[in-house]
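Coordinate-derived values only; no laboratory data. Here the structure is a predicted model, which is why all the values come from computation and not from measurement. Cβ placement follows ideal geometry from the backbone for every residue including glycine, while neighbour counts extend to all protein chains displayed.
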């Protein structure tokens, strides 16, 4: 990640999980600035039904996408429990 002050490289000093996601304390290697980042998952699903007649292939692709999102959420939940 780049430093918000000077756009230099940063390193992670501390990392912990919270209800918001992963909180990381970072340190800039160029200007010595210290800052905190919060990393989480934002899911914004917007389905537009413009076509009334959907093909079987479209429905299968939609189901695969939903299954993939469920797998990601399950992984995050398992990571939080560990």
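Modelled label positions at residue 60 and residue 17, each set 7 Å beyond Cα in the direction of Cβ, lie 3.5 nm from each other.
With both labels modelled 7 Å from their Cα along Cα-to-Cβ, the residue 39 to residue 6 distance reads 2.3 nm.
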